[in-house]
Structure formats: structure tokens, C-alpha cells
Amino acid sequence: SEEIQREIRNRQTWIVIPAAGIGSRFSEVKPKQYEEFFGQTILEFTLKKLLEIEHIKVIIAVNPKENLWRNLSGLKHPSVEIVIGGKTRRDSVFLALKHIKERASRFDWILVHDAARPCVQLSDIKNLFDKTASYEIGGILATRPVGTFKRVELSGAVSGNNSVSSVENTSLSY
């Protein structure tokens, strides 16, 4: 309908950053998002980049059991709101969405981007927005995989001698 198309044209963007994980595979000292990366924490580097996207607010879901985020100057930005995250990434995203539920419109964009993924290109995000601008339900940013894939059984074992295969990249993205 015309009303829906008007709402889609007027949509705004919220950014949710799950940052409650402990990153145990990365470091036993502190969560990955608080490790130094080009003179700042990975979280601050990621946040600084995402703040360049036109947005309403950035909602960061943090771990209630740690306080490293409290001393980060980047998190004091007026666009940033902090919420307590959950036990899993899914729980943290849910809690952030619950936090903005009354303020977001039904067609607003909600960009979810992990704190420990600082290498995202803003041009890729803007391209995603442009390509899905008329969609009612949004899209997923994906990168074409490069390389060889192995088929692995549920037990974790590589299956058979013929387990290495090339996969047509076009069938794995978007």
C-alpha cells in the first residue's frame, strides 16, 4: 500500500552491537572486544566506524559481570545507549531489541553487528541498504567465500577421501 511505501521511505537505522561475549577462544585475559587494535579497543574501533552510518541510536549490549566497557570514552558518545546483554549473542540482541521496542517503527532498519568484527567496510553496509531499500524485511550482509571446503561429519571427522571440493561461490552468498 501507499502507506507502507511511505513508511519504508522514512525508515531510520538503529545499530545493535552485541558486546557481552567473553571471547574465550581468543584470549584468557579479557574478552576480545577489549583487546587493543590500532591504539584503541576492538569495540571502540568498530563503534567509531559504525557511528559514520546515519542512525538514531547505537545500542551496545554488554556483559553485566565485567566493567571494562565503563572506562571506554567512545561509549560516552551521545548516540550510544548501553544495555545489559544476555548469556548468548541471541539473548543480547533480544535484550537490545526489547530496549528500543517502543521507539522503533515497524520498518526501521536494525543493523546488528558484533563488537569484535572491526573490518566491516562501510561501503558494503551502504550497498546493502541501497540494494534492499524497497524490501519490507531487510537483508543480510554476506561475503563470497574464497577457498576450498571440506565436508565434516557430525562427529567432527572429515568424511572420506573425496571430501575436498570446490563450491561455486555464487551459490553461497546473498
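The values are calculated or read from the model by the stated rules, or taken from the named source; none is laboratory data. Note that this is a predicted model, so its numbers are computed, not measured. So basically every Cβ, Gly included, is an ideal-geometry build from the backbone, and we count neighbours across all protein chains shown. With ligands, DNA and RNA removed, areas are computed over all heavy atoms of the protein, side chains included. Shrake-Rupley method; radii C 1.70, N 1.55, O 1.52, S 1.80 Å.
Here are a few things to note about the model shown:
Residues are listed down the side, and each one gets a yes or a no for (1) over 20 Å from Leu128 (Cα atoms); (2) touching a Pro at 6+ places or on another chain (Cβ under 8 Å):
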site: Phe45; (1), (2): yes, yes
site: Lys48; (1), (2): no, no
site: Ile53; (1), (2): no, no
site: Ile56; (1), (2): no, no
site: Pro64; (1), (2): yes, no
site: Gly74; (1), (2): yes, no
site: Pro78; (1), (2): yes, no
site: Gly85; (1), (2): yes, yes
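- Residues in the range 132-145 include none that are surrounded by 10 or more Cβ atoms within 10 Å (Cβ to Cβ), within 14 Å of Ile17 (Cβ to Cβ) and modelled with pLDDT of 85 or more.
- Apart from one condition, Ile110 fits all of (1) touching a Leu at 6+ places or on another chain (Cβ under 9 Å); (2) open to solvent by less than 40 Å² (accessible area, probe 1.4 Å); (3) among the hydrophobic types (A, V, I, L, M, F, W, C); (4) within 11 Å of Thr13 (Cβ to Cβ); the exception is (2).
- Where Ser123 falls short, out of the listed (1) closer than 25 Å to Val62 by Cα; (2) at pLDDT 90 or above; (3) surrounded by fewer than 11 Cβ atoms within 10 Å (Cβ to Cβ): (1)
- Among the residues making up the range 99-116, those that are part of a loop (DSSP other than H, G, I, E, B) and modelled with pLDDT of 90 or more are Lys101, Glu102, Arg103, Ala104, His113, Asp114, Ala115.
- Tally of residues being touching a helix residue (DSSP H, G or I) at 6+ places or on another chain (Cβ under 9 Å), β-branched (Val, Ile, Thr) and at pLDDT 80 or above across the range 1-54: 8
- Selection status of Asp124, out of contact with any helix residue (DSSP H, G or I) (no Cβ under 6 Å at 6 or more places or on another chain) and either farther than 22 Å from Leu43 by Cβ or among the hydroxyl-bearing types (Ser, Thr, Tyr) (or both): no
- Arg103 being touching a Phe, Trp or Tyr at 6+ places or on another chain (Cβ under 9 Å) and open to solvent by 90 Å² or more (accessible area, probe 1.4 Å): yes
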